Amino acid sequence: MATTRSAPLLKHLLARLNPVRSVTYMPRPGDGTPRAVTMIPGDGIGPLVTGAVEQVMEAMHAPLYFEKYEVYGDMKAVPAEVLESVRKNKVCLKGGLATPMGGGVSSLNVQLRKELDLYASLVNCFNLPGLPTRHDNVDIVVIRENTEGEYSGLEHEVVPGVVESLKFCSERIAKYAFEYAYLNNRKKVTAVHKANIMKLADGLFLESCREVATRYPSIKYSEIIVDNCCMQLVSKPEQFDVMVTPNLYGNLVANTAAGIAGGTGVMPGGNVGADHAVFEQGASAGNVGNDKVVEQQKANPVALLLSSAMMLRHLQFPAFADRLETAVKKVILEGKYRTKDLGGTSTTQEVVDAVIDALD
């Protein structure tokens, strides 16, 4: 349970969380029309945390509704009707899908990214007010290439065009990282690599990052070998801003950064391509949970609630996103309702009820 705070200090901190808009958001006619969103509850804790999102969206009267599909990690493929729904709706919210170890079974998470060409994964790792961590001033965005490299299933397949494919993927992830930094007023992009060993793939990746960096003179660009990156992350994480990485490194870096900033249960994220976006818990560690957590109904819904705030901004519903994010942060700051991974004893439903009560 969180340390008791003095009432005046808590009131001051809560006031700082309230978003203030000095200039209004002017929607286009029809922008308030409810949007369909594909939902995949998934395995393990997935139904619990997606159910939490459904309750909060209903309480806010958010202008969206869910088309829910049952998909499980032990299926051979993502059902065609699910892919059709995501292609139609353009946006999906999903819980974790378990990936069987070995046996030649393909990950449905990877299948979904490939089928929809969700080439950019984004995980936002930041300190939450009221949640003690070893490091302060952490606010890192990890952007990783999502369709090539070690996770692509092509790591041992040598075919004509592989170099061209790697270069194409390197260019577009570099472009996305710098565009993200530019649009979000970020000051620095760091490319994480192992080009001293992976000379072809990571060499092409660095070439692309350097070329794109020349188009953004206001954004500082740097490079770091992944070995050193991991050491720097756990010793001085506040030095990083936006990090862009190839596929495998990005997964490791994102989970490490999430652990440093407060845990995988509170970090939001998503996957995006030119036409579609899938929002889910940012860091993959723990996104399915275990039988005990499911049985006790004590999964942490915070990560997916914050991912849903990201989704609301993506759908151009900024006021709803602000309300949701502010309510979640208020609950974390007050410290009364927290799940076990954050030092509390609350159930998923108790956290959800507290978030709903905190909505403005």
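The values are calculated or read from the model by the stated rules, or taken from the named source; none is laboratory data. Since this is a predicted model, take the numbers as computed values, not measurements. We place every Cβ from the backbone using ideal geometry, glycine too, and count neighbours over all the protein chains shown. The protein model used for the area step is the full one, side chains on, heavy atoms only, and it has no ligands, DNA or RNA in it. Shrake-Rupley method; radii C 1.70, N 1.55, O 1.52, S 1.80 Å.
Give the residue, chosen from Ala195, Ala181, Ala257, Ala191, that is over 30 Å from Leu131 (Cβ atoms) and among the small types (Gly, Ala, Ser).
Of Ala195, Ala181, Ala257, Ala191, the one residue that is over 30 Å from Leu131 (Cβ atoms) and among the small types (Gly, Ala, Ser) is Ala195.
Restricting to segment 234-272, and then to whatever is of a type in the set (Gly, Ala, Ser) and part of a strand (DSSP E or B), can you tell me which residue is nearest to Lys90 (Cα to Cα)?
Filtering segment 234-272 for residues that are of a type in the set (Gly, Ala, Ser) and part of a strand (DSSP E or B), the one nearest to Lys90 (Cα to Cα) comes out as Gly270.
Please work out if Asp31 is in a loop (DSSP other than H, G, I, E, B) and open to solvent by 30 Å² or more (accessible area, probe 1.4 Å).
yes
Let me spell it out: the conditions are (1) over 16 Å from Met60 (Cα atoms); (2) surrounded by fewer than 21 Cβ atoms within 10 Å (Cβ to Cβ), and Gln316 meets all of them except one. Which number is the exception?
Every listed condition holds for Gln316 apart from (1).
Looking only at segment 344-359, count every residue that is buried (at least 20 other Cβ atoms within 10 Å of the Cβ), in a loop (DSSP other than H, G, I, E, B) and under 23 Å from the mean Cα position of the chain (by Cα) and tell me the total.
0
Looking at Tyr221, Tyr216, Tyr180 in this structure, which one is among the hydroxyl-bearing types (Ser, Thr, Tyr), assigned to a helix (DSSP H, G or I) and farther than 16 Å from Glu148 by Cα?
Tyr180
Evaluate the following for Leu83: is it of a type in the set (A, V, I, L, M, F, W, C), part of a loop (DSSP other than H, G, I, E, B), modelled with pLDDT of 90 or more and assigned by the TED database to the domain that holds Leu48?
Judged against the criteria, Leu83 is not a match.
Among the numbered criteria (1) farther than 16 Å from Pro41 by Cα; (2) modelled with pLDDT of 95 or more; (3) assigned to a loop (DSSP other than H, G, I, E, B), which one does Ala299 miss?
For Ala299, the failing item is (1).
Taking the stated definitions as given, is Glu70 open to solvent by 50 Å² or more (accessible area, probe 1.4 Å), assigned to a helix (DSSP H, G or I) and either more than 30 Å from Gln349 (Cα to Cα) or of a type outside the set (Lys, Arg) (or both)?
Spelling it out, it is not the case that Glu70 is open to solvent by 50 Å² or more (accessible area, probe 1.4 Å), assigned to a helix (DSSP H, G or I) and either more than 30 Å from Gln349 (Cα to Cα) or of a type outside the set (Lys, Arg) (or both).
Of the residues in segment 282-296, how many are outside any loop (DSSP other than H, G, I, E, B) and within 20 Å of Tyr337 (Cα to Cα)?
Summing the residues that are outside any loop (DSSP other than H, G, I, E, B) and within 20 Å of Tyr337 (Cα to Cα) in segment 282-296 gives 5.
Every residue in segment 175-215 that is within 19 Å of the chain's Cα centre (by Cα), open to solvent by 10 Å² or more (accessible area, probe 1.4 Å) and of a type in the set (A, V, I, L, M), please.
Residue satisfying the conditions is Leu183 alone.
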